[in-house]
Amino acid sequence: MVVRYERQGDVGVILVDNPPVNALSQAVRQGIVDALAQGLADGEAKALVLAGAGRTFIAGADISEFGKPLGAPDLNEVLARLEASSKPVVAAIHGTALGGGLETALACHYRVAVAGAQVGLPEVKLGILPGAGGTQRLPRLVGAKAALDMITTGTPVPAPKARDLGILDAIVEDGSAAAGPVAGGIAFAQRLDAAAAHPRVRDRNDRVEAERGSAAFEEKRRELDKAARGQHAPQRCVDAVEAAFTLPFEEGLRRERELFMRCMEHPQSKALIHVFFAERQVSKIPDVPADTPPRPVKSAAVLGSGTMGGGIAMCFANAGIPVAILDLNAEALERGLGTIRKNYAGTVAKGRLSQAEMDRRMGLIRTTTDYADLKDADMVVEAVFEDMEIKRTVFQALDKVCKPGAILASNTSTLDIDAIAAQTSRPQDVVGMHFFSPANVMRLLEVVRGKDTAKDVIATAMQIGRKIGKVAVLVGNCDGFVGNRMLAYYGTETQRLVEEGATPEQIDRALTEFGLAMGPFAMYDLAGIDVSWRIRQRRLAEGKPYGTALLDRIYLMDRYGQKTGAGWYRYEAGSRAPLPDEHIERMIQNHRQVHGIAPRAIDDEEIVKRSVYSLVNEGAKILEEGYALRAADIDVIYLYGYGFPAWRGGPMKYAELVGLKSVLEDIRAFQAKYGDDVWKPAPLLERLVAEGRTFTDLDRGR
């Protein structure tokens, strides 16, 4: 029974028990209706308390029901019954009351919570809006501005703030461990006058009257034009909240439902719901069961004290894992430690970290110039220069000093993990752990499986990834793995667009307006032109595309990006803002003249299609070759590692939403015009189109 009724003294308790998060499934909705009826019929109960068993109140809707016909009763019907109860109903909240959970609480006559609880309406993160009165009831308690902020960001509010805003009537004690918030809810209910009228949020119109015609709605719309550019749901959230101030309650509910359905039918909702499930799928590895015992990692070491090595060391320290940084150059070590200290100090200055916590983390980091000092480390992450000979030397040294069972990980972004593992006598202990720069900020971690990597090593790398705050995705061992292999074709195509007539700033603008966090040329400057150029030289020697001769020219101009103050753009001292540079304009013009290229006007639609579809096509090849477990994994990699917009779903989901047939037609047109090295259609893409299937069908085994 997922909802049960019991009486404690003169208070009836409706307890939702649907682990793990008491989601509002059809059975829970019906259970609340049935338990409420029991409570109303119980002559000994003068008041009712609605609470959740286990670790939380009600964390929201059962998302597995999204896109399917909902079984009766509808949540709105459940809430109407709670609201109409002849006995006062108190929502007793612990853990989280999110989405439908908070909407349920808002339909109760009173709301109390333990101090550690959180409440919120996060539906916008799924491309939708609250659909059970949240946009109509919440503003009646907190006013227009606070409601708009909560609903358009989806950010949860801690209980003390929720009380101050007026969402909660009281903060209650936890009570005993067994009772949780129920005891506090019962105590609150026992103080109520059962004969008095029970306050309903829907009847609270003082805020509505006072703020009708408020400028808050237009201000929020202008804010969202910048902060949520191109996104559908945030603006519809504003429309729905505004309805609370312009329409009677029942009409406002109908307006909310209309806007909710518009959001549900929008491609962005489908994309964001896909992302929600994809993020939960990436940890599932068919041949590495969830119960695979990981190796203990009580201490770690990082080789290299540069930007990447220092950032990785911070990740371990942030998670409370002692870490040693090794560099053969003592001065470089001191510089690296200084950078770490500066990074932490900046966070302290912003109020996001206490000085005491900074000191604790710095105390977990030590430095050394002696490989022998790594003999007791449980995990060693190599983050030295991206050169195979250097990495071979490093792993030969690690093999000699590290203890049996230590995990030896390489942070290589493109190189062969098996070739690196071959330098050791223990290839089963070697794994790729490809962090993204800056490693202490970027959330993606590609865990690269070598042909001999042990399953418990994979399990440990995935677990450590989660522990240090990363989204860990398992990938196979090929040139560039998943993310950078796809990026090679994307980068090549964006440079070809420049050759043909576009400018770097036009391409970056078109792609950021599409939703990418950063355009390709600004990204090159951030990562380092010299790094890209070296990868180009290696790939050209292997007969693989990577960029154009434009990259050679810019490298020979000693313009390595932000670190030299000039790359595809120029940068003023102390600023990371990219500025167009006449030297680059002349270089591009000269390149076109030398190669006999007559520039043409290129529109943004062509820029987006050629850039994004190059990712899709290569992603389909990677998927078919088995270097990614799922198309959804590729999407997660691009969301967290490359700034692809979540509301587009990732490159593979985006192609699916556009229509794989349409995408394939464009790819074939590009192949006819530009050749096979980027545009030869992926056989998997051709097969899916021929069979009328999608990447989602493939992921689900259909």
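What to note about this one:
- With all protein chains kept in place, the per residue accessible area of the chain amounts to 41 square angstrom at a probe of 1.4 angstrom.
- Shape category assigned to region 25-126 from the gyration tensor of Cα positions, a/c cut at 1.5: oblate
- Area accessible to solvent at Lys125, 1.4 Å probe radius, in Å²: 110
- Ranking by accessible area, most exposed first, for Thr339, Thr56 with a 1.4 Å probe: Thr339, Thr56
- Taking region 121-256 and dividing mean pair separation by its residue count, relative contact order in percent (alpha carbons under 8 Å, at least six apart): 38
- Extending 7 Å from the Cα toward the beta-carbon at both Gln30 and Gln671 defines two label points whose distance is 5.2 nm.
- Accessible area per residue was computed with a 1.4 Å probe on protein heavy atoms; Asp525 scores about 0 Å².
- Solvent-accessible area of the chain (1.4 angstrom probe, protein heavy atoms only): carbon and sulfur portion equals 52 percent.
- Sparsely packed trypsin sites (Lys or Arg not before Pro) within region 499-577, loop by DSSP, other Cβ within 10 Å at most 13: Arg576
- Of the labelled figures (1) 64, 39, 22; (2) 50, 32, 24; (3) 39, 30, 26, only one reflects semi-axes √(5λ) of the Cα gyration tensor in Å as derived from the coordinates, namely (2).
- Put a dot 7 Å past the Cα of Ala215, heading toward its Cβ, do the same for Val401, and the two dots end up 6.4 nm apart.
- Helix axis angle, 455-467 relative to the chain longest principal axis, alpha carbon, degrees: 60
- Cα centroid separation, region 478-554 to region 22-42: 57 Å.
- The chain, helix-only ellipticity at 222 nm - DSSP H runs n ≥ 4, -39,500 (n - 2.57), divided by all residues, nearest 500: -15000 deg cm²/dmol
- Net charge of neighbours whose Cβ lies under 11 Å from the Cβ of Ala91, counting Lys and Arg as +1 and Asp and Glu as -1: -1
- Multiplying the residue separation of Leu328 and Asp603 by 0.36 nm and removing their Cα-Cα distance gives an extension gain of 93.9 nm.
- Restricting the GluC sites (Glu not before Pro) of region 537-607 to loop positions (DSSP other than H, G, I, E, B) with no more than 13 neighbouring Cβ atoms within 10 Å leaves Glu542, Glu572.
- Net charge in the neighbourhood of Ile637 (other residues with Cβ under 13 Å of its Cβ; Lys, Arg +1, Asp, Glu -1) is 0.
- Region 200-331: relative contact order as a whole-number percent, Cα under 8 Å and 6+ apart: 15
- The chain: relative contact order as a whole-number percent, Cα under 8 Å and 6+ apart: 9
- Sparse packing (at most 10 other Cβ atoms within 10 Å of the Cβ) combined with a DSSP loop state is found for the following GluC sites (Glu not before Pro) in region 243-283: Glu265.
- Part-to-part distance (alpha-carbon centres) for region 88-118 and region 303-326, which is given in Å: 41
- A 1.4 Å probe, protein heavy atoms only, puts the accessible area of Lys621 near 40 Å².
- Inter-centroid distance (Cα atoms) of region 403-451 relative to region 214-285, Å: 41
The values are calculated or read from the model by the stated rules, or taken from the named source; none is laboratory data. Computed from a predicted model, the values in this text were never measured in an experiment. As a convention, Cβ positions derive from the backbone with ideal geometry for all residues, glycine included, and neighbour counts pool all protein chains shown. For accessibility, only protein heavy atoms count, side chains too; no ligands or nucleic acids. Shrake-Rupley method; radii C 1.70, N 1.55, O 1.52, S 1.80 Å.
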